[in-house]
Amino acid sequence: MKMIKNLFISAIIVLFSTIFITSCHPFKGNQEIPAYLHVDTFLLTTNYSIEGAASHKITDVAVYIDNDYQGYYELPATIPILERGEHKLTLYPGIKLNGNSSTRTINPFYQPYIIENYMFEEKVVDTVTPSTRYYPTDNSNIHLDLWMEDFERQISFETPAYSDTTITRTDRDTPDVWKDNDGNSHYSGYVWIEDTLTFMITSPKLYGLPDQGNSIFLELDYKCTGLFKVGLFAKIASEEMIDLIYVNPSEKWNKIYVNLGPNITNTSVDNPEYFRVFISGTTEKNTEAEYYFDNIKVVYRD
């Protein structure tokens, strides 16, 4: 009886295995050969007088065809597309929020790149170089005018009394200053500390920031040999410090998008009078660190 039972179970397994293999055979049925879309990088263009420098760190792309979501990809990417003929192609620029690979998202302040009649051809790998701009500030509720610091004019940072040093402006011919895409040198902010010293710099008082989950980003370019912290002061009864993120040293110029929105929303129940952004750092005994900063701005949407 036991032998008959085992033979029956074996027969059932063979039967279901045969059905499964037949139904999942990759070469049966209506198979499609994709077209391929290659995206290497995004370009950013700005109106410098009101939007600042065209500095960005767009690391990803979100792909839509005829307004249907196709996927989110790290750049550079070669993307298979199961469409033929002409379709609307929309590419959204994506970033790593707070510099974290686990919080990749579409940047809500950058416009998508759209081609209304894009031709997809089977097996063809077509390269697209998308470009983007900030949404226009006059009709999209985007604000870039609250606070911007590029060190080309008088420095707007303030230094509290307990900071051991302050931020200064470099000369344009300093080797480590920020350079634009054309290789032109710009003034940058510079801080140097050593041997257990601390620096802290703060933005002017920022009034009128929206709450209730609005998108609010701090954009910051940096190059440094030491760790630094970014946070907020919220003026309620007194100024309360809110630590946001620590930023690791970078030998090359890097950019980070810091998400201020959730903390401003959480604090808004106490009706803060204003906020101030702060940047701070410290050194251990017998060590030193230097920091370069540039293209700092607060961007938000009502």
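The values are calculated or read from the model by the stated rules, or taken from the named source; none is laboratory data. The model shown is predicted, which means the values in this text are computed figures rather than measured ones. So basically every Cβ, Gly included, is an ideal-geometry build from the backbone, and we count neighbours across all protein chains shown.
Restricting the stretch 120-146 to residues that are exposed (fewer than 14 other Cβ atoms within 10 Å of the Cβ) and among the hydrophobic types (A, V, I, L, M, F, W, C) leaves a set whose member that is nearest to HIS56 (Cα to Cα) is VAL125.
Against the definition (in a loop (DSSP other than H, G, I, E, B), more than 16 Å from PHE217 (Cβ to Cβ) and out of contact with any strand residue (DSSP E or B) (no Cβ under 6 Å at 6 or more places or on another chain)), how does ASP138 come out, yes or no?
So ASP138 fits the description; yes.
For MET119, the criteria (1) outside the structural domain of VAL39 (by TED's automatic domain parsing); (2) at pLDDT 95 or above hold in every case but one, which is (1).
Among the candidates THR127, THR159, the residue that is in the same structural domain as ALA53 (by TED's automatic domain parsing) and modelled with pLDDT of 95 or more is uniquely THR127.
Tell me the residue from THR105, THR129, THR137 that is in contact with a helix residue (DSSP H, G or I) (Cβ under 8 Å, 6 or more places away or on another chain) and among the hydroxyl-bearing types (Ser, Thr, Tyr), please. Outline the logic, then answer.
On the way: THR105 fails: in contact with a helix residue (DSSP H, G or I) (Cβ under 8 Å, 6 or more places away or on another chain); THR129 fails: in contact with a helix residue (DSSP H, G or I) (Cβ under 8 Å, 6 or more places away or on another chain).
Every option except THR137 fails the conditions.
Among what's in the stretch 76-85 and is part of a loop (DSSP other than H, G, I, E, B) and either out of contact with any strand residue (DSSP E or B) (no Cβ under 9 Å at 6 or more places or on another chain) or of a type outside the set (A, V, I, L, M, F, W, C) (or both), pick the residue that is surrounded by the most Cβ atoms within 10 Å (Cβ to Cβ). Step by step, filter the stretch 76-85, then rank; the result is GLU83. Summed over the stretch 39-75, the residues that are touching a residue at least 12 places away in the same chain (Cβ under 8 Å), surrounded by 13 or more Cβ atoms within 10 Å (Cβ to Cβ) and part of a strand (DSSP E or B) give a count of 11. Of the residues making up the stretch 258-302, those that are part of a strand (DSSP E or B) and hydroxyl-bearing (Ser, Thr, Tyr) are SER280, THR282, TYR291, TYR292, TYR300. Set side by side, the residues GLY226, GLY208, GLY213 differ, and just one is assigned by TED's automatic domain parsing to the domain that holds GLU149 and within 24 Å of ASP171 (Cα to Cα), which is GLY226. Filtering the stretch 151-164 for residues that are of a type in the set (A, V, I, L, M, F, W, C) and surrounded by fewer than 13 Cβ atoms within 10 Å (Cβ to Cβ) leaves a non-empty set. Checking each residue in the stretch 167-176 for being exposed (fewer than 15 other Cβ atoms within 10 Å of the Cβ) and among the polar types (S, T, N, Q) picks out THR168, THR174.
Checking each residue in the stretch 175-200 for being hydrophobic (A, V, I, L, M, F, W, C) and part of a loop (DSSP other than H, G, I, E, B) picks out VAL177, TRP178, LEU197.
Could you please let me know if THR18 is surrounded by 12 or more Cβ atoms within 10 Å (Cβ to Cβ) and either over 28 Å from VAL298 (Cβ atoms) or at pLDDT 95 or above (or both)?
No.
When each of LYS88, LYS96 is tested for being surrounded by 14 or more Cβ atoms within 10 Å (Cβ to Cβ), over 24 Å from the mean Cα position of the chain (by Cα) and either part of a loop (DSSP other than H, G, I, E, B) or not assigned by TED's automatic domain parsing to the domain that holds LEU220 (or both), the lone residue that passes is LYS88.
Condition check ((1) of a type in the set (Ser, Thr, Tyr); (2) in contact with a strand residue (DSSP E or B) (Cβ under 6 Å, 6 or more places away or on another chain); (3) without any contact (Cβ under 8 Å) to a residue 40 or more places away in the chain) across all residues:
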site: CYS224; (1), (2), (3): no, yes, no
site: ALA234; (1), (2), (3): no, yes, no
site: TYR246; (1), (2), (3): yes, yes, yes
site: VAL258; (1), (2), (3): no, yes, no
site: THR265; (1), (2), (3): yes, no, no
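Looking at LYS179, LYS252, LYS223 in this structure, which one is buried (at least 18 other Cβ atoms within 10 Å of the Cβ) and modelled with pLDDT of 95 or more? Just one listed residue meets the conditions, LYS223.
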